[in-house]
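Notes for the one structure printed next.
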Amino acid sequence: MAYLTGSAITALKGRHAHIISICGATIALGFAAFLMIAPIAGRLYLPVCATDHVNNTLNNIKGYTGFIFAVDIHLYRCAYTIHNLKLSKNVKSTSVPFLDIKNTNFSVQ
């Protein structure tokens with residue numbers, strides 16, 4: 001793909017130069033908006049993704065059933081908080097409560 005320089009755009013006659021400059025500005029603006037929005041959207045989706053992953057992992061432990069309510073991720077201090085961790089042991093046809101933790105904080109030192 002060939003890119004037009006400023007002198008090549010001005011060399012074009014009439015409305016074509018205007019259309020090319022508008023398209024280039026629109027693409028640049030769209031790319032800049034994407035670079036600003038993508039990290040924010042990723043940051044907002046990260047706790048949801050982490051909660052789903054932890055819930056799937058807890059439910060795949062043989063002989064146990066588990067659930068967490070939410071995960072809060074604190075990027076500024078490299079830590080996360082797990083809310084309402086409940087883990088039950090499956091004994092025969094009943095489940096016996098094994099863990100019930102309201103809040104747990106983990107951090108990387």
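Restricting to the range 88-109, count the residues that are in a strand (DSSP E or B), of a type in the set (Ser, Thr, Tyr) and more than 24 Å from the chain's Cα centre (by Cα).
Here the count works out to 3.
Can you tell me which residue is nearest to Asn103 (Cα to Cα) among those in the range 29-87 that are in a loop (DSSP other than H, G, I, E, B) and open to solvent by 100 Å² or more (accessible area, probe 1.4 Å)?
Phe69
Mind checking which residues of the range 32-65 are more than 16 Å from Thr81 (Cβ to Cβ) and of a type in the set (Val, Ile, Thr)?
Of everything in the range 32-65, those that are more than 16 Å from Thr81 (Cβ to Cβ) and of a type in the set (Val, Ile, Thr) turn out to be Ile37, Ile40, Thr57, Ile61, Thr65.
So the check is Cβ under 6 Å with 6+ separation or different chains; which pairs have a first residue in the range 90-109 that's surrounded by 10 or more Cβ atoms within 10 Å (Cβ to Cβ) and a second one that's of a type in the set (Gly, Ala, Ser) and in a strand (DSSP E or B)?
What qualifies is Ser95/Ser88; Phe98/Ser88; Ser107/Ala79.
The values are calculated or read from the model by the stated rules, or taken from the named source; none is laboratory data. Since we're looking at a predicted model, the values are computed, not measured. Glycine also receives a Cβ, built like all others from the backbone with ideal geometry; neighbour counts cover every protein chain displayed. Note: areas computed on protein heavy atoms with side chains; ligands, DNA, RNA excluded. Shrake-Rupley method; radii C 1.70, N 1.55, O 1.52, S 1.80 Å.
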